[in-house]
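Worksheet for the structure shown next.
The numbers here are math on the coordinates, done by the rules we state, and not lab data. Please read these numbers as outputs of a predicted model, since none were measured by experiment. Every residue, glycine among them, receives a Cβ derived from its backbone with ideal geometry; neighbour counts consider all protein chains shown.
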Amino acid sequence: MLEISNLHVQLEEEDKKILKGVNLFLEAGKVHAIMGPNGSGKSTLSYVLSGKDGYQVTDGSAHLEGKDLLDMKPEERAAAGLFLAFQYPVEIPGVGNMTFLRTAVNSQRKLRGESEMTAGEFLKEIRAKAKDLKIDAEMLKRPVNVGFSGGEKKRNEILQMAMLEPKMCILDETDSGLDVDAMKLVAQGVNALRDEKRTFLVITHYQRLLDHIKPDLVHIMANGSIIKTGGPELALEVENNGYAELLGERA
Amino acid sequence: MDNVLVKDGVDAETVEAVKVLSGTYKYGWDTDIEMEYAPKGLSEDIVRLISSKNDEPEWMLDWRLAAYRRWLNLKVPEWAMVDYPKIDFQDQYYYARPKSMEKKPESLDDVDPKLLETYKKLGIPLKEQALLAGVEAPEGERKVAVDAVFDSVSVGTTFQKELMEAGVIFCSISEAIKDHPELIRKYLGTVVPVSDNYYATLNSAVFSDGSFVYIPPGVRCPMELSTYFRINAENTGQFERTLIIADKDSYVSYLEGCTAPKRDVAQLHAAVVELVLLDDAEIKYSTVQNWFPGDENGKGGIYNFVTKRADCRGKRSKVMWTQVETGSAVTWKYPSCILRGSESQGEFYSIAIANNMQQADTGTKMIHLGKNTKSRIVSKGISAGKAQNTYRGLVSMHPKAKHSRNYTQCDSLLIGDKCGAHTVPYIEVKNNSSRVEHEATTSKVDDDQLFYCRSRGMGEEDAVALVVNGFCKEVLQALPMEFAMEAQQLVAISLEGSVG
């Protein structure tokens, strides 16, 4: 599904290298987790994959189903099936949540040359999906993320994911700022979307999210590269011993 | 819920419309039609000529001549934050009418097909049907009456008969001067006096046509009224005059639209609009101003110097100005409210967009004279390219305006780093029981917002349109539905090329 090889990235504005040769191969239907200490480059990886400005790729490549991701505009990546659930979802005053989502869904469909979703179809689908995530009609009407609580913002990201039906989902610290109940709800939403054609890359600091979203593989990222890959037990190891040991091991 | 759904659909259609309309200014074409011009330049003879073309009574000509003589001694106002070459008032035509309009057509069927075709192309069919701007009325049977003004003359007014049955007079002002002299003499120039300002005085001397509305006591106008202004002729100024009188306990919603062809040489437009409101009357006046803004280098475009004012003479009367200003090379416009009657209310909702080399200096004046009067100002200024956008507003609480209130919210949005936004609020309070609130913000279109939209699949310009429409939401919501759609599309179109 997603193949990242030898990816080197630095900030455009200053000569600061952030990713120093990331290699990842994500198969369809799998859930991969990336863990790592602050500043290891996890969020940068998610931004570079989704096409945010401000980063310069100096070497390496990233392909989604064989298509060169780095050569595409952010909207083209989205239409190709890439989705990033933001760590800090952005507020857009005055734009209704539902308007935003419908515009997004139909923009992607147009880019893919598909017919647009009618207002009726869209409404039926969003209502059903919102209900599963305990998002009420009022929250759908409110402006995008404006005045949403931390939990509401994250659930809203998952709702967008459910509506856009991407193939490759990146969740950037979706558990940050969530209480246990909210985290469970978000995890349920993610688990409901798991199937053999959809791949997840879950970025997190903590093992606890992985109790609810069971990963197939866990990668440890430090100082701009993947330093260790293992099964779910690797996450437990980090939880118990911290990163220091792993980092030391490598040194 | 239903209401929200309609708005929801509107936004989606906006984005769609942006894609379909890939050109920039879509009304930039002209109509090839045989015209009759008054000689170039301005003199007493020209004023006499305009008056005689309109077959006016003596008192009207005297009124015009007095204005002309006053104008000769006035100086061009220079306090606004706009910069443009000096206008040569002798190098303009002050009167241009299609030859076919020499004899006013008896009915719309007799109007020159070329003119009908022009309005059809603009999306303003001059047929009596429930459509405006090619947009299907959401409530099914919604009718809009249109007065169509082409250069210096009104070519036709629809639904006059049906309106007359309700007692509503809707006609061109040239007809009103002949047919309803008692109303004209009683009200014309009483809101914007001849002596008001340079451009209002000029307008008083040379206005050639415009619209007239009278709503009798207790009548709720059965349909929306609108005037569509089109400048077509070259080197010709348009000077129109609109007078709306809402008698006691009446209501009317009036829409105004304007476009002009793309031309290399700037053209002058100086209009005067007067609204009179008696006890318990209400007027909603909405404008979508889409004059040619000039090209991206600032060549051509309309110089728009407009005086609009409402006089809330009656108790509990209420006026609402809503404007979407996207066009014109230079805009100088301050629709104002005189809140004379006690408990009268004035509202001003404005979106002003300036892109490329456009300059806009616009705002409002809320003059509180009566007690317990209320006003509300919501201004959204958007600047892109190298444009300069100024909000200029006055809130004045007079000594007798006890317990009056004003709320002003003034937001500016910048796109790119070569444009400017300026806010110039003047506040005068001469009593101690009134309250004035002013809030102002300036922000840039946030890269994070754009990236968020794009990561969900929207193109860059669609993303800007969505964010800007969100920024303008409060004002867009104040517009009648048909105009809200048009305005949303306009917002998107006028910002084309502002990113990337």
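Which trypsin sites (Lys or Arg not before Pro) in the range B:366-466 pass both tests, a DSSP loop state and at most 12 other beta-carbon atoms within 10 Å?
Numbers: sites: B:371, B:374, B:376, B:380, B:386, B:392, B:400, B:402, B:405, B:418, B:430, B:435, B:444, B:454, B:456; in loops: B:371, B:386, B:400, B:402, B:418, B:430, B:456.
Filter output for the range B:366-466: B:418, B:430.
In whole Å, what is the distance between the alpha-carbon centres of the range B:316-333 and the range B:62-97?
Centre-to-centre (Cα) distance: 21 Å.
Anyone know which of A:173, A:157, A:125 comes out most mobile in the 10 Å Cα GNM of chain A?
Between A:173, A:157, A:125, it is A:125 that shows the largest mean-square fluctuation.
What does the helix-only formula give at 222 nm for chain A: each DSSP H stretch with n ≥ 4 adding -39500 (n - 2.57), the total divided by the residues, and the result rounded to the nearest 500 deg cm²/dmol? The partial results should precede the final answer.
On the way: 10 runs with 100 residues, N = 251.
-11500 deg cm²/dmol, from helical runs alone.
Based on the Cβ-Cβ distance from residue B:198 to residue A:184, what FRET efficiency comes out when R0 is 51 Å, to the nearest 0.05?
Working: r = 69 Å, r/R0 = 1.36.
Calculated transfer efficiency: 0.15.
In whole Å, largest first, what are the principal axis extents of the Cα atoms in chain A?
58, 39, 35
Given the C-alpha centroids of the range B:250-312 and the range B:423-461, what is the distance between them in whole angstrom?
If we compute the Cα centre of each part, the gap is 24 Å.
For the range B:259-328, compute the orientation-averaged projected area of the C-alpha convex hull (one quarter of its surface), in nm².
Values: hull surface 18.6 nm².
Result: 4.7 nm².
Taking R0 as 35 Å, what FRET efficiency do you get between residue A:38 and residue A:134 from their Cβ-Cβ distance, rounded to the nearest 0.05? Mind dumping the intermediate values first?
Values: r = 31 Å, r/R0 = 0.88.
That gives a FRET efficiency of 0.70.
To the nearest 20 Debye, how big is the dipole of the range B:417-495 about its Cα centre, given +1 on the beta carbon of each Lys and Arg and -1 on that of each Asp and Glu? Intermediate results must be reported in sequence, preceding the final value.
Working: 7 positive and 13 negative charges, 42 e Å.
Using Cβ point charges on Lys, Arg, Asp and Glu, the range B:417-495 gives about 200 debye.
Place +1 on the Cβ of every Lys and Arg and -1 on the Cβ of every Asp and Glu in the range B:31-333, take the dipole about the Cα centre, and give the residue among B:81, B:253, B:105 whose Cα lies farthest towards its positive end.
B:81
Please report, in whole Å, how far the alpha carbons of the range B:341-396 spread along each principal axis, starting with the longest.
44, 14, 10 Å, listed from the longest principal axis down.
Looking only at Cα atoms, what is the convex hull volume of the range B:350-444 per residue, in Å³?
63 Å³
What whole number of Å gives the distance from the Cα centroid of the range B:361-390 to the Cα centroid of the range B:164-197?
Computed from Cα coordinates, the inter-centre distance equals 27 Å.
Running Debye on the range B:31-333 with equal point scatterers at the Cα sites and no solvent, what base-10 log of I(q)/I(0) appears at q = 0.07, 0.11, 0.14 Å⁻¹?
Cα-only, vacuum Debye calculation for the range B:31-333: -0.24, -0.63, -1.07.
When Lys and Arg each count +1 and Asp and Glu each count -1, what net charge do the other residues less than 14 Å away from residue A:18, Cβ to Cβ, add up to? Each step should come with its number before you reach the end.
Details: positive: A:16, A:17, A:20, A:42, A:52; negative: A:12, A:13, A:14, A:15, A:59.
Once positives and negatives cancel, what remains is 0.
Taking N as the number of residues in the range A:90-165, what is its alpha-carbon radius of gyration divided by 2.2 N^0.38 Å?
Working: Rg = 12.0 Å, N = 76, 2.2 N^0.38 = 11.4 Å.
Expressed relative to 2.2 N^0.38 Å, the Cα Rg reads 1.05.
Going by amide H atoms built from the backbone, whose H comes under 5 Å of the H on residue B:420, apart from near neighbours?
B:387, B:388, B:389
Can you give the FRET efficiency for residue B:433 and residue B:45, using 1/(1 + (r/R0)^6), R0 = 56 Å, r = Cβ-Cβ distance, to the nearest 0.05?
Working: r = 54 Å, r/R0 = 0.97.
So, using R0 = 56 Å, E works out to roughly 0.55.
If you keep only loop residues by DSSP, which trypsin sites (Lys or Arg not before Pro) in the range A:74-122 have at most 14 other Cβ atoms within 10 Å of their Cβ? Before the final figure, lay out the partial values.
Values: sites: A:77, A:102, A:109, A:110, A:112; in loops: A:112.
Listed in order of number, the matching sites are A:112.
Quick one: which of B:284/B:374; A:73/B:121; B:86/B:386; B:53/B:114; B:120/B:248; A:42/A:67 span more than 26 angstrom between C-alpha atoms? Before the final figure, lay out the partial values.
On the way: B:284/B:374 16 Å; A:73/B:121 37 Å; B:86/B:386 21 Å; B:53/B:114 22 Å; B:120/B:248 36 Å; A:42/A:67 22 Å.
Where the Cα-Cα span goes over 26 Å, the pairs concerned are A:73/B:121; B:120/B:248.
Specify the longest stretch of chain B that does not include any exposed loop site, a site being one of the GluC sites (Glu not before Pro) with a non-H, G, I, E, B DSSP assignment and at most 16 other Cβ atoms within 10 Å.
On the way: sites that count: B:34, B:78, B:102, B:106, B:128, B:139, B:141, B:234, B:296.
Result for the longest clean stretch: B:297-500.
Helix A:180-193 versus the longest principal axis of chain A: what angle, 0 to 90°, nearest 10, using Cα atoms?
80 degrees
Mark the label point 7 Å from the Cα of residue A:197 along Cα→Cβ and return the residues of the range A:152-170 whose backbone N is within less than 13 Å of it.
Counting only backbone N, you get A:165-168.
Using just the helices of chain B, give the 222 nm mean residue ellipticity in deg cm²/dmol: DSSP H runs with n ≥ 4 each add -39,500 (n - 2.57), and the total is spread over all residues, rounded to 500. Don't jump to the answer; show the numbers that get you there.
Numbers: 11 runs with 122 residues, N = 500.
Estimated from H runs of four or more residues: -7500 deg cm²/dmol.
Pick from A:133, A:193, A:123: which is most flexible by mean-square fluctuation in a GNM of chain A where alpha carbon atoms under 10 Å apart are linked?
Result: A:123 has the largest fluctuation of those listed.
For the protein assembly as shown, what is the convex hull volume of the alpha-carbon atoms per residue, in Å³? Present the calculation step by step, with values, prior to reporting the outcome.
Details: hull volume 128.5 nm³, N = 751.
Enclosed volume per residue, from the Cα hull, is 171 Å³.
Okay, which of the range B:430-454 sit inside 17 Å, backbone N to the point 7 Å along the Cα-Cβ direction of residue B:474?
Under 17 Å, as judged by backbone N against the label point of residue B:474, lie B:436-444 of the range B:430-454.
What list of ³J(HN,Hα) couplings, whole Hz, do you get for the range A:205-219 from phi and the Karplus terms 6.51, -1.76, 1.60, once you set θ to phi - 60° and write x for glycine and proline?
Those phi angles translate into 8, 10, 5, 4, 5, 6, 5, 9, 10, 6, x, 7, 9, 10, 10 Hz.
Assigning unit charges at the beta carbon (Lys, Arg +1; Asp, Glu -1) and nothing else, what dipole magnitude in debye, to the nearest 20, does the protein assembly as shown show about its Cα centre? It would help to have the intermediate numbers written out before the result.
On the way: 90 positive and 109 negative charges, 363 e Å.
That gives a dipole near 1740 debye.
About its Cα centre, how strong a charge dipole does chain A have in debye, to the nearest 20, once Lys and Arg get +1 and Asp and Glu get -1 at the Cβ? Walk me through the intermediate numbers first.
Details: 32 positive and 38 negative charges, 133 e Å.
It comes to approximately 640 debye.
With an 8 Å Cα cut-off and a minimum separation of 6 or more residues, compute the relative contact order for the range B:350-444 in percent.
It rounds to 31 percent for the range B:350-444.
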